[in-house]
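The values are calculated or read from the model by the stated rules, or taken from the named source; none is laboratory data. What you see is a predicted model, and the numbers here were worked out from it, not measured in a lab. We place every Cβ from the backbone using ideal geometry, glycine too, and count neighbours over all the protein chains shown. Calculation scope for accessible area: heavy atoms of the full protein, side chains included, ligands and nucleic acids excluded. Shrake-Rupley method; radii C 1.70, N 1.55, O 1.52, S 1.80 Å.
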Amino acid sequence: MKLLHIDSSVLGPNSVSRQVSAAIVQRLVATTPGLDVAYRDLAANPLAHLSGAHVAARMGAEPEAALSDDLAAGATALDDFLAADIVIIGAPMYNFTIPTQLKAWIDRIAVAGKTFSYGPDGVKGLAGGKRIVIALSRGGHYGAGAPAAAYEHTETYLRSVFGFIGVTDIEVIVAEGINLGPEHREKAVAGALQAATDLRAA
Ligand SMILES: Cc1cc2nc3c(=O)[nH]c(=O)nc-3n(C[C@H](O)[C@H](O)[C@H](O)COP(=O)(O)O)c2cc1C
């Protein structure tokens, strides 16, 4: 069984989503003998933002030499995602949504003909059968009933895009209120780490 672990926070060792995603991986490794873990740090090794040249290359155009390394990295990102049975994603909220580095990765894995297809019956997700666990960290509160709930475009976006490509097994562990003070942060992180420990085995 293969697990792909993705981090996208730019805050390095101070990152909450990195701490929680690591705890999730630790829990699944501990409960799954022989789990094969691959790691991708999108802040340390970002993919380029999608450009017209990327889309043209995807449609068969000869790519410019300067793009070849990034195209190869994007192809590897897609292969790693397709090969994974479980995907763990550390996803902070920046300006009400995911970091651009994570969006750049999604732009490489949401590919017509690979992870979804259009047909006479509409859109079909092709990437089902995976389990995705997201470690989400947010500075404020965005849960149901919170005044800023309508500003939440992190969990809602990730659930939409992974649902679109056919993934139905999506769990989200949220640590929120991180920027409201040390006590809030401590409590939120402890709750998220407990939720990671309580995750069902792979
Ligand atoms: C550039 C930046 C933008 C942020 N934007 C928001 C925001 O829009 N809403 C919010 O509640 N918190 C925001 N925060 C706070 C983060 O969501 C919070 O610090 C969270 O822990 C980030 O996850 P990380 O620690 O894994 O990086 C922002 C933080 C940074 C660094």
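Laid out as a table, the results:
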item	result
The stretch 82-99 - residue that is touching a strand residue (DSSP E or B) at 6+ places or on another chain (Cβ under 6 Å), among the hydrophobic types (A, V, I, L, M, F, W, C) and not in a strand (DSSP E or B) and, of those, nearest to the ligand (Cβ to nearest atom)	Met93
Residues satisfying the stated conditions in the stretch 2-15, i.e. open to solvent by 10 Å² or more (accessible area, probe 1.4 Å) and either at positive phi or among the β-branched types (Val, Ile, Thr) (or both)	Val10, Gly12
Every residue from the stretch 123-169 that is more than 12 Å from the chain's Cα centre (by Cα), surrounded by 17 or more Cβ atoms within 10 Å (Cβ to Cβ), in a loop (DSSP other than H, G, I, E, B) and within 16 Å of the ligand (Cβ to nearest atom)	Gly140, His141, Tyr142, Glu152
Some residue of the stretch 105-120 being within 14 Å of the ligand (Cβ to nearest atom) and touching a Ser or Thr at 6+ places or on another chain (Cβ under 8 Å)	no
Residue count, the stretch 50-97 (criterion: modelled with pLDDT of 95 or more and on the phi > 0 side of the Ramachandran plot)	2
Residue within the stretch 44-63 that is basic (Lys, Arg), in contact with an Asp or Glu (Cβ under 7 Å, 6 or more places away or on another chain) and open to solvent by 30 Å² or more (accessible area, probe 1.4 Å) present	no
